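Presented below is the structure to which this report refers.
The values are calculated or read from the model by the stated rules, or taken from the named source; none is laboratory data. Please read these numbers as outputs of a predicted model, since none were measured by experiment. Virtual Cβ from ideal backbone geometry, glycine too; neighbours counted across all protein chains shown.
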Amino acid sequence: MTEQAGTSGGDATVSITACPNGPLLVRGRFEILAPAGEVIPSRRKTVALCRCGISTLKPFCDGSHKAVGFTTEPEAPTGQPA
């Protein structure tokens with residue numbers, strides 16, 4: 001899944017791609033703000049944002065989703081309710 005937002009400026013487009021069982025890839029010119037409103041520095045035009053909640057580099061992905069078996073697909077039912 002990819003979401004795009006932008007203005008009429010050619011280089012102002014930002015795209016967000018949800019990687020299956022992984023992070024959100026954000027590409028373009030953007031700012032990430034902490035809860036208090038300060039800018040979290042990013043030195044790249046593309047960053048991976050954590051979706052599993054386990055990363056030690058939040059809000060950025062550190063690959064921890066692989067170790068914990070994070071999945072973006074709903075789990076299949078395992079049995080009938082009692």
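Computed quantities for the displayed model
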{"item": "Every residue from region 36-56 that is assigned to a loop (DSSP other than H, G, I, E, B) and either modelled with pLDDT of 95 or more or of a type in the set (S, T, N, Q) (or both)", "result": "36, 37, 38, 42, 50, 51, 52, 53, 54, 55, 56"}
{"item": "Filtered residue count, region 19-35, keeping only those that are loosely packed, with under 13 Cβ neighbours inside 10 Å and either part of a strand (DSSP E or B) or touching a Cys at 6+ places or on another chain (Cβ under 9 Å) (or both)", "result": "1"}
